[in-house]
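First up is the structure itself, then whatever we jot down about it.
The values are calculated or read from the model by the stated rules, or taken from the named source; none is laboratory data. Please read all numbers here as calculations on a predicted model, not as lab measurements. Neighbour counts are summed over all protein chains in view; Cβ atoms, including those assigned to glycine, are modelled from backbone coordinates with ideal geometry. These area figures cover heavy atoms from the full protein model, side chains too; ligands, DNA and RNA do not enter into them. Shrake-Rupley method; radii C 1.70, N 1.55, O 1.52, S 1.80 Å.
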Amino acid sequence: MRRSEFLRAVDAEFGGRGSSLVSDLVLTQLSGRTADEALDAGVPPRDIWLALCAETDVPLERRHGAGRLEPRKKVND
């Protein structure tokens, strides 16, 4: 997951309150950092997304692959 995909996933899942969650919500799985702090510290966006989902009780079925513009294409053998 790239940073841009992370931000799209946050917007899609949380709408208008997403930016507040990213800047204000302390994520216990990320050593008590906010998502913004974790991004600045170089934590992979996918790890931040999963920690944010866990902290806010996002259902498992909405966590995987979020933020992608298109699904990955299968490579034919």
For this session: Check the range 54-63 and report whether any residue there is open to solvent by 80 Å² or more (accessible area, probe 1.4 Å), modelled with pLDDT under 90, part of a helix (DSSP H, G or I) and acidic (Asp, Glu).
Result: yes
**Prompt:** Would it be correct to say that Val10 is assigned to a helix (DSSP H, G or I) and crowded, with 16+ Cβ neighbours inside 10 Å?
**Reply:** yes
Considering the range 13-51, residues that are in a helix (DSSP H, G or I) and touching a residue at least 40 places away in the same chain (Cβ under 8 Å), and then whichever is nearest to Arg62 (Cα to Cα), we arrive at Glu13
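Let's see how each residue does on (1) under 13 Å from the mean Cα position of the chain (by Cα); (2) within 16 Å of Met1 (Cα to Cα); (3) modelled with pLDDT under 95:
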| site | (1), (2), (3) |
| --- | --- |
| Ser23 | yes, no, no |
| Thr34 | yes, no, no |
| Trp49 | yes, yes, yes |
| Glu70 | no, yes, yes |
| Lys73 | no, yes, yes |
